[in-house]
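Worksheet: one structure, shown below.
The values are calculated or read from the model by the stated rules, or taken from the named source; none is laboratory data. Because the structure is a prediction, the values reported are computed rather than measured. Cβ sites come from the backbone with ideal geometry, for glycine too, and all protein chains shown count toward neighbours. Please note that ligands, DNA and RNA were not included when accessible areas were found on the heavy atoms of the full protein model with its side chains. Shrake-Rupley method; radii C 1.70, N 1.55, O 1.52, S 1.80 Å.
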Amino acid sequence: MKLFYSNNSPYARKIRILIDEKKASIILEKVVLADKNCIIHKYNPLSKVPTLFVNDISIFDSPVIAEYVDHKSGPLYLIPGDFDKRMLLKRWEAIADGLCDAAVAIMLEKRRISSQQNADVFEKQMRKIKLSLTWLNEEMKDKEYYLENTFSYADIAVGSALGYVKLRYPEIDFKEEYLNLHRLYELLMQRPSFQMTAPEPYL
Ligand SMILES: N[C@@H](CCC(=O)N[C@@H](CS)C(=O)NCC(=O)O)C(=O)O
């Protein structure tokens, strides 16, 4: 079983953290998406990371991979089997992924030459980021972890998104504006799985 990932992908970081937390035996292979001949083209028609290759098939995208990894590497399940709890968790993952989508959209817009950049894109995506952070922050009120105050894949998904937003927007003062999320990230960063997958500023 092999996971293809790239260094600072927040979607891939979720899975790398999950793999480490579950002590799942999966080989990690780093790819560079910008390479024209990147091996990912062979494993995923969408050429995206993360991609999991197992039993001669490729599995994507990250929510699907997470289900697979958690299910196949029990018994400490980080995604609950109970339907209602699972829906709460999936909903959190959806916000976390949406947060990453907005942050990535701004980053891609910034990479365009300045005369082609669209101010509306920045404004629209930044609004999504701010509203999502406000929403998540409110949901973490009086809690240590999101789901039943117990560490789960919901915290991994949001923690990974927070790490990415912090990397790309260091000007956002989490302690001042989103204290509950600041506390959550500090707590998560005490875990080796989060420490060893922390995004690298120069990439
Ligand atoms: N919804 C996907 C998003 C994955 C994604 O967009 N990954 C980015 C890296 S952060 C990627 O592979 N981009 C390459 C591309 O879109 O060509 C998931 O959750 O796995």
If only one of L136, L147, L99 is outside the structural domain of S6 (by TED's automatic domain parsing), of a type in the set (A, V, I, L, M), open to solvent by less than 50 Å² (accessible area, probe 1.4 Å) and in a loop (DSSP other than H, G, I, E, B), which one is it? L147
Pairs with Cβ under 6 Å, 6+ apart, first in the range 63-85 and within 16 Å of K14 (Cβ to Cβ), second of a type in the set (G, A, S) and surrounded by 12 or more Cβ atoms within 10 Å (Cβ to Cβ): V69/A24; S73/A24; L78/S152
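Quick one: in the range 20-50, which of the residues that are over 21 Å from K166 (Cα atoms) and among the β-branched types (V, I, T) is nearest to the ligand (Cβ to nearest atom)?
I40
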Among what's in the range 7-19 and is more than 14 Å from V104 (Cα to Cα) and free of Cβ contacts under 8 Å to residues at least 60 places away in the same chain, pick the residue that is nearest to the ligand (Cβ to nearest atom). I15
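Answer with yes or no whether L181 is part of a helix (DSSP H, G or I) and either more than 16 Å from the chain's Cα centre (by Cα) or touching a residue at least 24 places away in the same chain (Cβ under 8 Å) (or both). Explain how you work it out, then say what you get.
Working: part of a helix (DSSP H, G or I): yes; either more than 16 Å from the chain's Cα centre (by Cα) or touching a residue at least 24 places away in the same chain (Cβ under 8 Å) (or both): yes.
Here the answer is yes, as L181 does meet what is asked.
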Would you mind stating whether I59 is of a type in the set (A, V, I, L, M, F, W, C) and crowded, with 19+ Cβ neighbours inside 10 Å? yes
Looking at the range 51-75, which of its residues are among the acidic types (D, E) and either in a helix (DSSP H, G or I) or within 13 Å of the ligand (Cβ to nearest atom) (or both)? D61, E67, D70
Run down K30, K48, K23, K36 and say which single residue is at pLDDT below 95, open to solvent by 90 Å² or more (accessible area, probe 1.4 Å) and either basic (K, R) or in contact with a helix residue (DSSP H, G or I) (Cβ under 7 Å, 6 or more places away or on another chain) (or both). K36
Say whether the condition of being open to solvent by 20 Å² or more (accessible area, probe 1.4 Å) and within 29 Å of L108 (Cα to Cα) is met by at least one residue in the range 72-93. yes
